[in-house]
């Protein structure tokens, strides 16, 4: 889900674009919630109905730890993972929480070209998230739209966005504002 940042300025300059995305793929949620349901079923069956779930009886403490980690923690983790994209004059900032402790900063003076693209997340990059492929690096959470940044001395970077046209326009403004300073 794309959200708009209510903040219009920050210490390093005006925010030209802000977007936060989360995993929205139906298939991913079927797998995550299905796995969680298996642990919940095991907990209910063995912990409350006092039967063995499978061939070996798991100790109640182990079962509770597994339930908390896989039955609660895994769905919460996948729900909380997010891609935040911020464009400020002269720079694009990307952060996939919790994998990036700090934002990945891409100075726009290093970008020689950029364009809005439609891509195949699985075919081109092997899925969603932080990806590396022969086509370069990708940061994307859902969908198949984004902006590809081409550099002078390194492989391209794809930034996935639910609002790819707005992101492209913001990058254009940010690059122009950087030249004016």
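The values are calculated or read from the model by the stated rules, or taken from the named source; none is laboratory data. A quick note: this is a predicted structure, and the numbers were derived from the prediction, not measured. With ideal geometry, Cβ positions are generated from the backbone for all residues, glycine too; neighbour counts draw on all protein chains shown.
What to note about this one:
Yes or no, residue by residue, for (1) at pLDDT below 70; (2) over 25 Å from residue 122 (Cβ atoms); (3) surrounded by fewer than 16 Cβ atoms within 10 Å (Cβ to Cβ):
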| residue | (1), (2), (3) |
| --- | --- |
| 1 | yes, no, yes |
| 7 | yes, yes, yes |
| 39 | no, yes, no |
| 43 | no, yes, no |
| 56 | yes, yes, yes |
| 73 | no, yes, yes |
| 79 | no, no, yes |
| 86 | no, yes, no |
| 90 | no, yes, no |
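- Within the stretch 159-176, the set of residues being buried (at least 17 other Cβ atoms within 10 Å of the Cβ) and over 25 Å from residue 81 (Cβ atoms) comprises 174, 175.
- Boolean, residue 135 is touching a strand residue (DSSP E or B) at 6+ places or on another chain (Cβ under 9 Å), surrounded by fewer than 17 Cβ atoms within 10 Å (Cβ to Cβ), more than 15 Å from residue 85 (Cβ to Cβ) and in the same structural domain as residue 92 (by TED's automatic domain parsing): yes
- Within the stretch 87-121, being outside any strand (DSSP E or B) and without any contact (Cβ under 8 Å) to a residue 24 or more places away in the chain holds for 98, 100, 101, 102, 103.
- Every residue from the stretch 144-158 that is buried (at least 21 other Cβ atoms within 10 Å of the Cβ) and touching a helix residue (DSSP H, G or I) at 6+ places or on another chain (Cβ under 7 Å): 146, 147
- Qualifying positions in the stretch 111-132 - surrounded by fewer than 17 Cβ atoms within 10 Å (Cβ to Cβ) and on the phi > 0 side of the Ramachandran plot: 126, 127
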